[in-house]
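Novice: The structure under discussion is supplied below as structure tokens; questions concerning it will follow.
Just so you know, all these numbers are worked out from the coordinates, no wet-lab data involved. Quick caveat: nothing in here was measured; it's all calculated off a predicted structure.
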Amino acid sequence: MVCGFYKHLGLLYHRKRVDISLVGELFSVRRPWEKVRPLIIGARKELDQQDLYEWFEDLYNEVQKRALDQ
């Protein structure tokens, strides 16, 4: 459920329906991604589905990028 939530939040960001600064202020994206990343990478390989939870990963990358810029 957590991965699905962040995947959908990432899709909303991608489609410019939610501002990334708002996401960063309201939700912790870094910790959940870092916890589940090994599981998602493994599932991608096992299922041969490289786009599994891609919006979650993109959201994490964008939040990280913005944190470094500040």
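Novice: Per residue of the chain, what 222 nm ellipticity follows from adding -39500 (n - 2.57) for every DSSP H run with n ≥ 4, rounded to the nearest 500? Don't skip to the end; give the middle numbers.
Specialist: Working: 4 runs with 54 residues, N = 70.
Result for the chain: -24500 deg cm²/dmol, rounded to the nearest 500.
Novice: Follow-up. Work out, step by step, the length gained on full extension between His14 and Ser28: first 0.36 nm times the residue separation, then minus their alpha carbon distance; give nm to one decimal.
Specialist: Roughly 3.3 nm would be gained on extension.
Novice: Right, here's the next one. Just need log10 I(q)/I(0) for the chain at q = 0.15, 0.17, 0.23 Å⁻¹, Debye formula, equal scatterers on the alpha-carbon atoms, no solvent, rounded to two decimals.
Specialist: For the chain, the Cα-only Debye profile gives -0.46, -0.58, -0.99.
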